[in-house]
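See below for the structure under consideration.
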Amino acid sequence: MSATTSPASKPVNKKGWLTRLRQRNVLPGFGLSMGITVFSLSLLVVLPFAMMAYTTTQMGWTGFWETITQPQVTAAIKLSLWMSFLAMLTNMVFGTLVAWVLVRYEFWGKSLINALVDLPFALPTAVTGISLATLYAPNGLIGQWFAKFDIQVAFTPLGIWLALVVVSFPFIVRAVQPVLAELSVEFEEAAAVLGANRFTTFRKVILPELLPALLMGAGMMFARATGEYGSVIFIAGNIPMQSEILPLIIISKLEQFDVQGASAVALFMLLISFVILLTINIVQWKLSRRVGAR
């Protein structure tokens, strides 16, 4: 009888299985830490959303549909999603460029620029909104130059886009920056030696490595932009059907003591954001597996 089928080999295999199991859980206390994790997520995330959904169900499907299909609400949803999408595309380009400069070049003032990237996180959103409205108003320091060409930035959808770009800018930079730091320059040099131009090197060598992190930053940025209120409210103009964002609709309904209507609008926006974020995460996961398999 061979050694692989002898009864004496079974205890050895079982011992090896236990050893591998212990190696997977090097740190003790998995059960306790997992329980705390589930409790925290349930208390801080699941329970508030469940209460919002419960409040919405009290108005029935007909009331929910009538609330979210109101022309003013529909216009605010489209505007919020569209401006968030445009801001996301903008930051994917310029945020990647800033991250590239901070990682690949050494220059005077680099630490200062690196610190300025996180400034939108440190500033209160209301301060950001007031500053942008002051700068880009028709009589503002920058807005007066746009006014000469009949371009108005503040109190228009263009101002909403600008505010969303500013407050969500660090997400892309901080997501891409560590990946660029770990990406070896030797791959780019090898591509250049093989005759690839700069655009081909970026498209074939650099971009596939950056894409998972880029999508992760874009997802977080989009989630932040769709619910942004403080920085946008001062520069949006808040004109119904033109420059009224969805968070303002929710606040207006709460001021009118329409809690169910506010919950319905918030729940619908949550569902849209969840679907978009889930799609981005699935794509990012597939790209990460593909890159890791190389």
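The values are calculated or read from the model by the stated rules, or taken from the named source; none is laboratory data. Note that the coordinates shown come from a computational prediction; the quantities given were computed from them, not determined experimentally. As a convention, Cβ positions derive from the backbone with ideal geometry for all residues, glycine included, and neighbour counts pool all protein chains shown. Just the protein is used for accessible areas: all its heavy atoms, side chains included, with ligands, DNA and RNA removed. Shrake-Rupley method; radii C 1.70, N 1.55, O 1.52, S 1.80 Å.
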*At a 1.4 Å probe radius, carbon and sulfur cover how many percent of the accessible area of the chain?*
70
*Kindly list the residues of region 251-284 that lie in the label zone of V45, defined by a backbone N under 20 Å from the point 7 Å along the Cα-to-C-beta vector.*
266-284
*Counting only complete DSSP H runs, which helices of the chain cover 20 Å or more along their long axis at the Cα atoms and score a mean Kyte-Doolittle of 1.0 or above?*
71-104, 157-182, 207-226, 259-292
*In µm²/s, what is D for region 150-294 at 4 °C and 1.567 mPa s, where D = kT/(6 pi eta Rh) by Stokes-Einstein and Rh is the Kirkwood radius from Cα pairs?*
72
*Solvent exposure of the chain as accessible area per residue, Å², 1.4 Å probe*: 62
*Mind telling me which of N197, N91, N281 comes out most flexible in a GNM of the chain, alpha-carbon contacts under 10 Å?*
N197
_Given the C-alpha atoms of region 57-151, compute the convex hull and give its volume per residue in Å³._
196
*Ellipsoid semi-axes in whole angstrom, largest first, where each is sqrt(5λ) of the Cα gyration tensor of the chain*: 43, 33, 17
_Principal axis dimensions, region 80-244 - Cα atoms, whole angstrom, descending_ = 56, 34, 32
